[in-house]
Amino acid sequence: MSKNILIIGATSAIATAVARQYAAQGATLYLVARNEEKVQVLSNDLRIRGAKDVISKIADVDFLDQHEAIVKNICVELKQIDIALIAHGVLPDQKQVENDVGATLKSFNTNALSTISLLTLLAHQFVRQQQGVIAVITSVAGDRGRQSNYVYGASKSMVSTFLQGLRNRLFFHHVKVLDIKPGFVDTPMVAHLKKSALWAQPEKVAKDILYAIDKKKDILYTPFFWRYIMLIIKNIPECLFKQLKL
Amino acid sequence: MVSGWGRYPFIEATMLNPASLDEFRQALSRQKHCIARGLGRSYGDSALANEMISLRRMDHFIAFDAKNGILSCEAGVSLSDILKVIVPQGWFLPVTPGTKYVTFGGAVASDVHGKNHHIEGCFSEFVQSLTLMLSDGSLCECSRDNNPALFHATCGGMGLTGLILRGTLVLKKMSSAYIHQVMIKADNLDAVFSLFEQNAASTYSVAWIDCLAKGKTLGRSLFMLGEHSQEGGYLLPPEKHLTVPLVMPATLLNSYSIAAFNALYFHRQRQKEQHRFVHYHPFFYPLDSLLHWNRLYGKKGFTQYQCVLPKAAGLLGMKEILKKITLSRRGSFLSVLKSCGPHNQNHLSFPIEGYSLALDFKIEPELFDLLNELDSIVAEYQGRVYLTKDVRLSEAMFKRMYPRWEEFLAIRIRYGADQKFHSYQSDRLGL
Ligand SMILES: Cc1cc2nc3c(=O)[nH]c(=O)nc-3n(C[C@H](O)[C@H](O)[C@H](O)COP(=O)(O)OP(=O)(O)OC[C@H]3O[C@@H](n4cnc5c(N)ncnc54)[C@H](O)[C@@H]3O)c2cc1C
Ligand SMILES: NC(=O)c1ccc[n+]([C@@H]2O[C@H](COP(=O)([O-])OP(=O)(O)OC[C@H]3O[C@@H](n4cnc5c(N)ncnc54)[C@H](OP(=O)(O)O)[C@@H]3O)[C@@H](O)[C@H]2O)c1
C-alpha cells in the first residue's frame with residue numbers, strides 16, 4: 001500500500017533526499033516549505049521520480065498562528081499520515097546571536113517553538129490514528145552546549161527533550177517518535193564551513209533516516225559514528241569541558 | 001582539496017553549491033574566474049579551478065514524456081538517476097559513457113560517446129535544447145535553431161561557454177533491459193580491426209586490448225558486441241556495491257600485476273566466441289559496482305590517455321602507438337578500443353571517424369615524456385586526444401589537434417565567457 005508522507009521544511013537538502021526515496025516507492029507526499037519556486041520544482045521532480053501524488057503548501061513556519069490552519073489542511077488532504085518528518089531549521093551565526101537578543105530568540109522560534117507548536121497540533125491526529133511515525137531532525141549539537149554554537153544546540157535540545165516526553169506519551173497510542181541527530185551534513189545550511197572526512201552527503205543521511213523509520217527506532221545518530229563521538233563528548237566532566245575550545 | 005577522477009592533481013579550491021537561480025547569480029558575481037563541476041568523473045583538470053560552482057543541487061527532473069521518450073532535467077541530475085526513472089518505462093539513454101555517475105551537464109560539456117558512436121554519434125545528437133547561465137548571470141536558451149553557435153560550442157565545450165542549467169534529451173526506446181552480448185577473442189590487432197569492420201552494423205561494439213602482449217600477439221583483445229534483447233522486461237539492477245576503502249599502494253599495479261590481470265581476463269574465455277544474455281548494467285557499467293576504484297592507482301594518482309585516429313591512419317597508426325606503450329612497460333589496467341563514426345558540428349567534440357584507444361597510466365615522472373611522444377604520433381596522423389581525460393596536453397598540440405579552436409574562442413568572447421569561465425585545463429590550453 002502506498003504511504004502518505006508529510007514533510008515540513010521539504011526543500012531542505014536532507015528532506016529532499018528523503019522525499020525522493022519515498023517518491024521512488026510511490027508514496028503520496030504533502031510538502032510544506034516557504035519558497036514557492038523551490039517547492040514547485042521539487043514537486044515536479046518527485047512526481048517524475050514516481051510519487052503517486054504531491055501536494056504542496058507554502059508557509060513560513062515562523063508564523064506560529066498559521067499552524068492550526070496548516071495542520072487542519074494536512075489532515076483533510078491526507079486523511080491518514082503514515083510518516084511526518086519535520087526538517088526545517090536555521091543555523092544562526094553564534095557571534096551574531098551573542099550580541100543580538102532578537103536574533104537569538106528568532107532562531108529559537110524557528111528551530112524550537114515552531115517545531116513544538118507543529119508537533120503539539122500533529123499529535124492529536126496521530127492519537128486519533130493510533131498509528132504512524134513522527135520523525136524530527138534535531139542535531140548532535142543538542143547533546144552538549146559548546147561555546148561555538150550553543151544557541152543552535154540549545155534550540156535543538158529543547159526539541160529533543162520535548163520528543164522524549166512525546167514518545168513516552170504516544171507509546172500508549174502505538175505511535176512512534178524518532179529523534180534524528182545528524183552530524184555534519186554537506187548541505188546549503190553549512191555551505192560556508194570547511195569540509196573534512198567526517199562530512200556526510202544528504203543522500204546517505206536520508207538512507208539512514210528511512211531505515212530508522214522503517215525499523216521504528218527512537219533515536220538515530222547519522223552517520224552512525226556520531227553516537228560514539230557524542231558518547232565521549234557527553235562524558236567529559238563539566239569542569240574540564242568548560243576549558244575546552246570546542 | 002579536490003581533484004578529478006584521476007586523483008591528480010589535487011588543488012585547494014572553494015566549491016559553491018548554489019540551489020536556486022539567485023544563488024547561481026550570486027555565486028557567479030562573487031568570483032572572478034570559475035568553472036562548473038558535475039560529478040567530477042572527468043579524469044584530469046577540466047573540472048578544476050580554484051573557484052568552482054557545483055551543479056549538485058541543481059538536480060531536479062523537470063518533465064518526462066513517457067509516451068514519446070522526451071526528458072527535461074536540470075544539469076546536475078546524474079545518468080544514474082535518469083536510468084532509474086526511464087528504464088522501468090521502457091526507455092534508455094541514447095548514448096552512455098562507461099559510468100552512470102556523470103551528470104547531464106557533464107555529459108553535454110564533454111559531448112560524451114559510448115559503444116554506439118559509429119552508428120548513433122555523441123550525446124549531443126540527442127540533446128534538443130539547453131538553458132545556460134552566461135557569465136553576466138543572464139539565462140540563454142540554445143539549440144540547433146536557436147543560438148546555434150552557442151549550442152555547438154557548449155556541446156563538447158568543457159564548461160567554457162557558461163553554466164548549463166538544464167536541457168532536454170530525446171531517449172531511446174528499448175525492447176528490454178537486457179543485452180544480447182557476443183564476445184570474440186581476437187589474437188592480434190589485425191584480427192580485432194577486421195572484427196570491427198565486419199560488425200560495423202552492430203549497435204554496440206568495443207574491444208579490450210591486452211596492452212602488454214607483444215610481437216605477433218600485439219593487440220590481442222576481447223571483442224564485444226551487444227544488441228538490446230527482446231526479452232527480459234525492464235528491471236533495474238540491484239544496488240549493490242563494493243567500495244575501495246583506502247588509497248592502495250601503487251606497487252599493486254606494477255606491470256606484473258597488470259600482465260596477470262590481462263592474461264586472466266583473456267583466458268577467462270575458453271571458446272573463441274561466446275554468447276550471453278546480460279543485464280545492461282554489467283554491459284555498460286562494469287566498473288560502477290566497484291565504488292572509488294580510482295583509489296587503486298595509489299597516492300600519486302593516474303591519468304587516462306584517450307586518442308582517436310582517423311580511419312585512414314587505422315591499423316598502422318594504432319600499431320605504432322600500441323608498440324610504443326608496450327615498449328614503455330607502463331601499460332594500463334584497462335585499454336579500450338572503440339570505433340567512431342563521423343565528426344559532428346561541435347567545435348571541440350572529440351570523436352572523428354576512425355578508431356579510439358583509451359589507456360590508464362599511473363602518474364610517474366617519466367610518464368609525461370611518453371605521452372608527449374604519443375601526442376606527436378597522434379597529431380602526425382591527424383588524430384586528437386580527448387580533453388575530458390586530459391591533464392597535460394600542451395597548448396600547441398591542442399591547437400594542432402583541434403583546428404576549430406579559434407572559432408570556439410571567438411564564441412567564448414562573444415558571450416563574455418572568456419571573462420569568467422576558466423579551468424586549469426583551459427588556462428593550459430590557451431582558451
Ligand atoms: C569509469 C569512467 C568511464 C568513462 N567512460 C566514458 C566513455 O565511455 N565515453 C566518454 O565520452 N566519457 C567517458 N568518461 C568520461 C566522463 O563521461 C566525462 O568526463 C563526463 O564529462 C563526466 O561528467 P561529470 O558530471 O562528472 O563532469 P565533471 O567531471 O565534473 O566535469 C567535466 C567537464 O564538464 C564541465 N561541466 C560539468 N557540468 C557542467 C555544467 N552543468 N555546465 C557547464 N559545464 C559543465 C566541467 O566544467 C568540465 O569541463 C568516463 C569516465 C569514467 C570515470
Ligand atoms: N547540515 C548539517 O550539518 C546538519 C547537522 C545537524 C542537523 N541539521 C538539521 O537538519 C535539518 C535540515 O537542514 P539541512 O542540513 O538539510 O539544511 P538546509 O538545506 O539549509 O535546510 C534548512 C531548511 O529549513 C527551511 N527553513 C528555515 N527557516 C524556515 C522557516 N521559517 N519556514 C520554513 N522553512 C524554513 C529552509 O527553507 P528554504 O529552502 O526556503 O531556505 C531550508 O529548506 C535542519 O533542521 C538542520 O538543523 C543539519
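Coordinate-derived values only; no laboratory data. What you see is a predicted model; the values in this text were computed from it and never measured. All Cβ positions, even for glycine, are placed from backbone atoms using ideal geometry, and neighbour counts span all protein chains on display.
Report the calculated FRET efficiency for B:Arg404 and B:Asn50 (r = Cβ-Cβ distance, R0 = 30 Å), to the nearest 0.05. Before the final figure, lay out the partial values.
Numbers: r = 28 Å, r/R0 = 0.94.
After rounding to 0.05, the efficiency reads 0.60.
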Give, rounded to the nearest 20 debye, the magnitude of the charge dipole that segment B:1-152 has about its Cα centre when Lys and Arg contribute +1 at Cβ and Asp and Glu contribute -1 at Cβ. 380
Placing +1 at every Lys and Arg Cβ and -1 at every Asp and Glu Cβ, with all other atoms neutral, what dipole size does segment B:178-392 have around its Cα centre, in debye to the nearest 20? 580
At R0 = 51 Å, how high is the FRET efficiency between A:Val190 and B:Asn68 if r is their beta carbon distance? Nearest 0.05 is fine. 0.80
Along segment B:348-357, what does the Karplus equation 6.51 cos²θ - 1.76 cosθ + 1.60 (θ = phi - 60°) give for ³J(HN,Hα), rounded to whole Hz, x for Gly and Pro? 10, 4, 6, x, 10, 4, x, 10, 10, 10
Would you calculate the separation in nanometres between label points at A:Tyr211 and B:Leu246, each defined as 7 Å from the Cα along the Cα-to-beta-carbon direction? 2.3
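Using a Förster distance of 51 Å, how high is the FRET efficiency between B:Lys300 and A:Asn35, based on the Cβ-Cβ distance and rounded to 0.05? Don't skip to the answer; put the middle values down first.
Working: r = 45 Å, r/R0 = 0.88.
After rounding to 0.05, the efficiency reads 0.70.
Report, in debye and to the nearest 20, how large the dipole of chain B comes out about its Cα centre when Lys and Arg carry +1 and Asp and Glu carry -1 on their Cβ. Intermediate values should be presented prior to the final figure.
On the way: 46 positive and 39 negative charges, 195 e Å.
Computed charge dipole of chain B: roughly 940 debye.
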Taking H as built 1.01 Å from N, whose amide H comes closer than 5 Å to the amide H of B:Tyr234, not counting residues under 5 places away? B:Ala177
So, in nm, how far is label A:Thr120 from label B:Ala396 when the simple model puts each one 7 Å beyond its Cα toward the Cβ? 7.8
Inter-site label distance for B:Ala201 and A:Cys239 at 7 Å from Cα along Cβ, in nm: 8.9
Along the dipole axis of chain B (charges at Cβ: +1 for Lys and Arg, -1 for Asp and Glu; origin at the Cα centre), the most positive-end residue among B:His228, B:Leu242, B:Cys155 is B:Leu242
Amide H partners (placed H, <5 Å) of A:Leu85, local residues excluded: A:Leu6, A:Ile7, A:Ile8, A:Ala135
Find the relative contact order for chain B and round it to a whole percent, using C-alpha pairs within less than 8 Å whose residues are 6+ positions apart. 19
Where does chain A land at 222 nm, in deg cm²/dmol rounded to the nearest 500, when only DSSP H runs of n ≥ 4 count, each adding -39500 (n - 2.57), divided by all residues? -14500 deg cm²/dmol
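Does segment B:178-392 classify as rounded, prolate or oblate by the C-alpha gyration tensor (a ≥ b ≥ c root eigenvalues; a/c under 1.5 gives rounded; else a/b over b/c gives prolate, otherwise oblate)? The partial results should precede the final answer.
Working: a/c = 1.41, a/b = 1.12, b/c = 1.27.
Judged from the Cα gyration tensor, segment B:178-392 comes out rounded (a/c under 1.5).
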What full-extension length gain, to one decimal in nm, is calculated for B:His33 and B:Arg414 as 0.36 nm per residue of separation minus the Cα-Cα distance? 135.5 nm
Would you mind checking which residues have amide H under 5 Å from B:Ala13's amide H? H placed 1.01 Å from N; only 5 or more apart, or other chain. B:Val2
For chain B, calculated [θ]222 nm from helices alone, where every DSSP H run of n ≥ 4 adds -39500 (n - 2.57): -7500 deg cm²/dmol
Karplus-derived 3J(HN,Hα), 6.51/-1.76/1.60, for each residue of segment A:74-87, Hz, glycine and proline x: 4, 5, 5, 5, 9, 6, 10, 9, 7, 9, 10, 10, 9, 10
Principal-axis tilt of helix A:202-214 within chain A, Cα atoms, nearest 10 degrees: 70
In Hz, Karplus ³J(HN,Hα) per residue of segment B:38-48 (6.51, -1.76, 1.60; θ = phi - 60°; x = Gly, Pro): x, 9, x, 8, 6, 6, x, 10, 6, 10, 10
